[in-house]
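Inspection log for the structure reproduced underneath, given as structure tokens.
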Amino acid sequence: MPEAAGNNLDHLDLAPIRNVRGTLKLPGSKSISNRILLLAALAAGETRIHDLLDSDDTRYMLDALRKLGVACDAEGAHTMRVHGADGVFPVKQAELFLGNAGTVLRPLTAVLAFAGGNYHVAGVPRMHERPIGDLVDALMSLGADIAYLGKAGYPPLEIRPATVRAGGKVSVRGNVSSQYLSALLMALPLTGAGTSVTVAGELVSKPYVDITLNIMRRFGVEVARDGWSSFAVPAAARFRSPGEIYVEGDASSASYFLAAGAISGLNGGGPVRVEGVGRASIQGDVRFADALREMGATIEMGDNWIVSGAGEAAARKHKLRAIDADVNHIPDAAMTLAVAALFADGASTLRNIGNWRVKETDRIAAMATELRKLGAQVEAGADWLRITPPAALRPATIDTYEDHRIAMCFSLAALGGVAVRINNPRCVAKTFPDYFDVFAGISEH
């Protein structure tokens, strides 16, 4: 853990950090890990997955797949051999508890709708506040039999055997979560017939759908698309194992260290190099580096690495540049920009972030509340946030709302010369269990 006092399981006290510098290897991407696990389970053949993320969310996926009869054998800390079920889960009745893992509950709901069994899917109370009605409506339009066990439009769900209409067309809304579209696309090959998917409204978080399409392609299913409004899953599509596959480092997790390098560089620190993600990445959040560059950071990038520091002008002013940006394409990494804005030379505005409200917590409300504790002036709207930094940061106790990304991004406030207490630091186990140890490894006090 970073240099601290009074640490316990409930909170972590971060001492002021003088600067950061160094090199680190990123954990595997959660988004890629869970997609690969699911498609490996649905594929014909065995798949050996390398650099798999070991976190709460991937454990929920693995536990669910094993309960559904799929053999998943660990071969070391970050390698898993999955024995594909070739589209047919052996177990036809199961109770699945999936925590607060949207990348597990939503695609599994779609897949289980076509699995011919009786399944209950549920999660923690916050997961039962995250909408799923648009996905359920799309599945039921194809003949799926799904019942809400609580509030309509939200988990928990009962999924019952049904005669699913093969082929044709289906529509799904795109303006709440891209996970609905991704879930449908990954499940539709199980019908054995060609299906056209139309997106109703604007599709948010498009790069995450690109991840889905890329991984489906690696498992032998090519989805045609017309812009972002129409997708076609071909007839007779079938997932086939690629044999071996590697998981990229998590581009969202890279954002904390890249921002730390830029902020520390304002006072002579940095640079920071992250390995495991770079310009060859299939993740949209790699474009966080572009936003950081716009704020005055220097960015160098290779196929599998990124280095960040402060640009000459920013270092001379000891301030990053304020920005006004549409960040819908980097929804998770954009949270890090909100904290980086505390070190800017004026008010920064982050726009088109309405889907933050249906994440692990209402992230717009949570970020506004916690930024104010540090002395910032914050205005918030339905889909935007404006942050005016204070003349000097104030020490603060940060509540994390069981949200891993809030815990990680607010650790950067310690670079502002103040002590920061992070409540419930254990929530980072969702995607990056040893985050605070890694952050300590590049920190100087």
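None of the figures in this text is laboratory data; all of them are computed from the coordinates on show. It should be emphasised that the depicted structure is a prediction, and the values quoted were computed from it without experimental measurement. No Cβ is skipped: glycine too gets one built from the backbone with ideal geometry, and neighbour counts run over all protein chains shown.
Under a 5 Å amide H cut-off, with hydrogens placed 1.01 Å from N, residue 18 pairs with 444, 445 among residues at least 5 apart or on other chains. Near the amide H of residue 23, within less than 5 Å, lie the amide hydrogens of 273, all on another chain or at least 5 residues away, with H placed in the peptide plane. Computed from the C-beta positions of residue 290 and residue 198 and an R0 of 30 Å, the FRET efficiency is 0.45 to the nearest 0.05. Taking the DSSP beta bridges with both ends in region 305-416, the antiparallel portion is around 65 percent. Of the chymotrypsin sites (Phe, Trp or Tyr not before Pro) in region 355-431, not one is in a loop by DSSP (not H, G, I, E or B) with at most 16 other beta carbons within 10 Å.
Would you mind giving the average projected area, over all directions, of the Cα convex hull of region 188-235 in nm² with one decimal?
Reported value for the Cα convex hull: 3.3 nm².
Shape of region 1-99 from its Cα gyration tensor (a ≥ b ≥ c, root eigenvalues): rounded if a/c is under 1.5, otherwise prolate when a/b > b/c, or oblate? Cα axes put region 1-99 in the prolate bin.
For region 74-200, the share of DSSP beta bridges that are antiparallel, to the nearest 5, is 40%. What is the antiparallel percent of DSSP beta bridges lying wholly in the chain, to the nearest 5? Of all bridge pairs located within the chain, approximately 65 percent are antiparallel.
Note on residue 118 and residue 140: the extension gain reaches 6.4 nm, defined as 0.36 nm multiplied by sequence separation minus the Cα-Cα distance.
The stretch between residue 15 and residue 81, if pulled fully straight at 0.36 nm per residue, gains 19.6 nm over its current Cα-Cα span.
The string of couplings for region 139-155 from the Karplus curve (6.51, -1.76, 1.60, θ = phi - 60°) is 5, 5, 5, 8, x, 5, 10, 10, 10, 7, 9, x, 6, 4, x, 9, x Hz, one whole number per residue in order, with x for Gly and Pro.
Per-residue ellipticity at 222 nm from helix content only, as computed over the chain with -39500 (n - 2.57) for each DSSP H run of at least four residues, stands at -8500 deg cm²/dmol. The amide H of residue 310, built 1.01 Å from its N in the peptide plane, has 265, 298 as neighbours under 5 Å, considering only residues 5 or more places off or on other chains. Working note: Karplus 6.51/-1.76/1.60 with θ = phi - 60° gives region 313-323 the couplings 5, 5, 5, 5, 8, 6, 9, 7, 7, 5, 10 Hz, where Gly and Pro are set to x. Given the pairs 151/359; 67/430; 30/151; 206/317; 30/373, which are separated by over 26 angstrom at their Cα positions? From the list (151/359; 67/430; 30/151; 206/317; 30/373), the Cα-Cα distance tops 26 Å for 30/151; 206/317; 30/373. In order along region 425-439, the phi-based Karplus estimate (6.51 cos²θ - 1.76 cosθ + 1.60, θ = phi - 60°) of 3J(HN,Hα) comes to x, 5, 5, 5, 4, 4, 9, 8, x, 9, 3, 5, 5, 5, 4 Hz; Gly and Pro are listed as x.
A simple spin-label model places pseudo-atoms 7 Å from Cα toward Cβ; at residue 151 and residue 74 they are separated by 3.6 nm. If a/c stays under 1.5 just call it rounded; otherwise compare a/b with b/c (prolate if a/b is bigger, oblate if not). Do that for region 205-296, with a ≥ b ≥ c from the square roots of the Cα gyration tensor eigenvalues. Verdict is oblate for region 205-296. Note on residue 50 and residue 383: the extension gain reaches 116.1 nm, defined as 0.36 nm multiplied by sequence separation minus the Cα-Cα distance.
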